[in-house]
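The values are calculated or read from the model by the stated rules, or taken from the named source; none is laboratory data. As the structure is a prediction and not an experimental result, all values here were calculated from the model. Here Cβ is always computed from backbone atoms with ideal geometry, including for glycine, and neighbour counts include all displayed protein chains. Heads up: the accessible areas ignore ligands, DNA and RNA and are worked out on the full protein's heavy atoms, side chains in. Shrake-Rupley method; radii C 1.70, N 1.55, O 1.52, S 1.80 Å.
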Amino acid sequence: NFDRQAGKRRVDTQKSIEDAQKAKVTFCKRKRGALKKLIELSNMCNQKILCLIYDEDKQRMVQYRSSPSFDIETAYHSLKTSLLPKHRHNFENFSNESYELLQRLDYRSLRYRKAELCEKKVYYIEEFEKNTHIDDTRLQ
């Protein structure tokens, strides 16, 4: 009796995986896949990319950067500049809450809706600066 279906099953990516071992395996596989996609995006489209993945339970950080000169400090200053009123149209901000919106939208139409999508989180950099103390000597 073969009650199982062959091939891949559709996975609900909005639900948390309860089994710790399955979650760990999934994290490792998906992290590798995400890093592969980031490298491809950087190489194919000539983009600078910085990605941080933080595992709160293990207090572990994974960092990918497309070039040695593009570090977190450089990205932070670029982000601050893009939040200025005259540059705000150059800023795109996505979070877990954006998932369903990204599933429905045609990616080509995103550039026309940037202001609408980003308006919600425009001021979080100011909050970040108030609540975070960056040791500039460590970042150099």
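If you check every pair at least six apart or on different chains, which have Cβ atoms under 8 Å apart with a residue in the stretch 44-56 that is assigned by the TED database to the domain that holds CYS28 first and a residue that is open to solvent by 100 Å² or more (accessible area, probe 1.4 Å) second?
Note: pairs meeting the criteria are LEU52/MET61; ILE53/MET61; TYR54/ARG60; TYR54/MET61; ASP55/MET61.
Could you identify the single residue in TYR124, TYR107 that is loosely packed, with under 14 Cβ neighbours inside 10 Å, more than 19 Å from ILE49 (Cα to Cα), outside the structural domain of LEU50 (by the TED database) and at pLDDT below 80?
Answer to the check: TYR124.
Within the group SER78, SER82, SER16, SER69, which residue is under 22 Å from TYR99 (Cα atoms) and of a type in the set (Gly, Ala, Ser)?
SER16
With within 27 Å of VAL11 (Cβ to Cβ), exposed (fewer than 12 other Cβ atoms within 10 Å of the Cβ) and at pLDDT below 90 as the only criterion, which of GLU97, GLU40, GLU92 stands out?
Result of the check over GLU97, GLU40, GLU92: GLU97.
Counting only residues that are free of Cβ contacts under 8 Å to residues at least 60 places away in the same chain and charged (D, E, K, R), which one in the stretch 63-102 is nearest to LYS48 (Cα to Cα)?
Only one residue fits best here, namely ARG65.
In the stretch 59-89, which residue that is surrounded by 12 or more Cβ atoms within 10 Å (Cβ to Cβ), among the charged types (D, E, K, R) and over 21 Å from ARG32 (Cβ atoms) is modelled with the lowest pLDDT?
ARG88
Can you name the number of the only condition in (1) out of contact with any Phe, Trp or Tyr (no Cβ under 9 Å at 6 or more places or on another chain); (2) without any contact (Cβ under 8 Å) to a residue 60 or more places away in the chain that ARG60 fails?
(1)
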